[in-house]
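Q: I am attaching a structure below and will ask some questions about it afterwards.
Every number in this text was worked out from the coordinates using simple rules, so none of it is lab data. Predicted model only: the values in this text are computed from it and were never measured. Using ideal geometry, Cβ is built from the backbone for each residue, glycine included, and neighbour counts are taken over all protein chains shown.
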Amino acid sequence: MFERLKPVGMDPILALMAAFRADDRTNKIDLGVGVYQDDRGRTPVMASVKEAEAQLMALETTKAYQGIAGDPDYNQRILQLLFGADHSILDSGRIKTIQAPGGSGALRVGAEVIVRARPDAKLWVGVPTWPNHIPLLGSAGVNIEEYPYYNLNDHQIDVDAMMTTLAQVPAGDMVLLHGCCHNPTGADLSNEQWDQIADLALERGFIPFIDTAYQGLGDGLDEDAYGIRMMADRLPELVIASSCSKNFGLYRERTGSITFVTDTSEQADIVASQAMAVARQTYSMPPAHGALLVSLILGDQQLRANWETELTEVRTRIQSMRNLLADNIQQNAAGIDFSHIKQQKGMFSFLGLNTDQLDQLREDHGIYIVSSSRVNLAGINSGNIGYLSDSIVSVLG
Ligand SMILES: Cc1ncc(COP(=O)(O)O)c(C=O)c1O
């Protein structure tokens, strides 16, 4: 049965994590894996999540099956988080959400529904993008095309090239956009650029597919949802994959959702039935624990306030590490400008280092960075910033 199979190579990020674990230097630093760390280098359970877990322990009376769409309260509260409580789309009948196993599961369900709806539609994906986007969406059978997103030389979004390509996307195709905190570049669309893409979507007839995995880690919960809210106001159709892995720290609980905005309420019901059929034919039902926690937090004024305070701390800490790193390494023998790190948002930015410099950082300094030179700014803390900055400056000189 299995004799013809060849082994699949390890994901480069997971391979880097394994090498990091095997390194016995005490001053080693992992800037590879995309997980938030606090100033002590830990990825703690948020206090609001712990409190919700205590409540859930007392409240939960059954582990019986919950249903293909997951927890209805969770779905409702996620919609309010994404759109704000008063967005007109929420009462329009044109929107449906189902709970999904993480942002990845949400993307997958979205992709499978796209294939069912329009098998020859293409999904336009920015370059670069989260390395798992193309394998995850492409293996569902979606035809992938690429549009330019980021210019590595000036560390900015390549606006002209992006808009020129998007202006040629045919009607009925989809365009993948990052809701905020672009992974891997940290370069987010401005509100004006979101507006321009909405103009193009209306003009051309393409449909945005927004992946939002970091709401609240960029500028704030509402600010980070600008694109989603504006597009739901203006466009007839929209798909949104969202994740609670980062903003609730629920990585391993696989908590996400897939949302469809459709032209009519009849279509919304049909699309939801298709999404549930995809779920039924793959994982059947989403895991419950994380979604019940999110629902408890979002549904309780005090818990929600505590969670928002913790999320603000996460966002502020990342921004202060961005500022410190950029300032510390700005003076370097090569004269390289690192000010983009301060302006970018979320957990990631490209340093722009070459392979030799990255090898040197890993081999001589125990600093682990993926080969694209994408760094997780949340891996930096007050204890390692000095050593990290000195090490980077030394490989530049
Ligand atoms: C852009 C983007 N989308 C989706 C995901 C998937 O998130 P999850 O862990 O919830 O599957 C990630 C995770 O790193 C991500 O960076």
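Q: Tilt of helix 72-83 relative to the longest C-alpha principal axis of the chain, in degrees (0 to 90, nearest 10)?
A: 60
Q: Using the Karplus curve 6.51 cos²θ - 1.76 cosθ + 1.60 with θ = phi - 60°, what ³J(HN,Hα) values do you get for each residue of region 126-139, in whole Hz, with x for Gly and Pro?
A: x, 10, x, 9, 3, x, 8, 4, 5, x, 5, 7, x, 6
Q: Mind checking which lysines have their C-alpha under 25 Å from LYS246, skipping anything on the same chain fewer than 8 residues away?
A: Partners found: LYS28, LYS50, LYS96, LYS342, LYS345.
Q: If you place +1 on the Cβ of every Lys and Arg, -1 on the Cβ of every Asp and Glu, and leave all else neutral, what size is the dipole of the chain about its Cα centre, to the nearest 20 Debye? Numbers along the way, then the final one.
A: Working: 31 positive and 49 negative charges, 219 e Å.
It comes to approximately 1060 debye.
Q: Now, a different point. For LEU14, what is the net charge nearby, where nearby means another residue's Cβ is under 14 Å from its Cβ and Lys, Arg count +1, Asp, Glu -1? List each step's numbers first, then the result.
A: Values: positive: ARG21; negative: ASP11, ASP30.
Here the count lands on -1.
Q: By the gyration tensor of its Cα atoms, with a ≥ b ≥ c the square roots of the eigenvalues, what is the shape of region 146-269: rounded for a/c under 1.5, prolate for a/b over b/c, or oblate?
A: Oblate is the answer for region 146-269, as a/c is 1.5 or above yet b/c matches or exceeds a/b.
Q: In whole angstrom, how far apart do the alpha carbon centroids of region 371-391 and region 188-257 sit?
A: 28
Q: Among ILE318, ILE13, ILE240, which one moves the most in a GNM of the chain with springs linking Cα atoms closer than 10 Å?
A: Greatest mean-square fluctuation among the candidates belongs to ILE13.
Q: Sticking with this one: Quick one: compute the contact order of region 65-299, relative version, from alpha carbon pairs under 8 angstrom and 6+ residues apart, as a percent. Write out the running numbers ahead of the final one.
A: Numbers: 449 pairs, mean separation 71.7, N = 235.
Dividing the mean separation by the residue count of region 65-299 yields 30 percent.
Q: Looking at PHE209, VAL278, LEU250, which one has the Cα that reaches farthest to the positive end of the dipole of region 65-299 (charges on Cβ: Lys, Arg +1; Asp, Glu -1)?
A: VAL278
Q: Under 5 Å between amide hydrogens, which residues at least 5 positions from MET174 or on another chain qualify, with H placed 1.01 Å from N in the peptide plane?
A: So MET174 has HN proximity to LYS122, LEU123, TRP124, ILE207.
Q: Something else now. Explain nothing, just compute: Karplus ³J(HN,Hα) = 6.51 cos²θ - 1.76 cosθ + 1.60, θ = phi - 60°, for every residue of region 317-325 in order, whole Hz, x for Gly and Pro.
A: For region 317-325, the Karplus-derived couplings read 5, 4, 5, 6, 5, 4, 5, 4, 4 Hz, x marking Gly and Pro.
Q: For the chain, give the share of DSSP beta bridges that are antiparallel, in percent and rounded to the nearest 5; count only bridges with both residues there.
A: 50
Q: Over what distance in Å are the Cα centres of region 294-348 and region 39-116 separated?
A: If you average the Cα positions of each part, the centres end up 24 Å apart.
Q: Now for a separate question. Only Lys, Arg, Asp and Glu count, each charged at its Cβ (+1, +1, -1, -1), so figure out the dipole size of region 26-133 about its Cα centre, rounded to 20 debye.
A: On the way: 12 positive and 12 negative charges, 86 e Å.
In debye, rounded to 20, region 26-133 gives about 420.
Q: Could you give me the ³J(HN,Hα) list for region 140-146, computed from phi with Karplus coefficients 6.51, -1.76, 1.60 and θ = phi - 60°, whole Hz, x at Gly and Pro?
A: 7, x, 6, 7, 9, 10, 10
Q: Also, I was wondering about something else. For a quick check, take a GNM of the chain with Cα springs below 10 Å and name the residue from ARG116, ARG322, ARG252 with the largest mean-square fluctuation.
A: Residue with maximal mean-square fluctuation among ARG116, ARG322, ARG252: ARG252.
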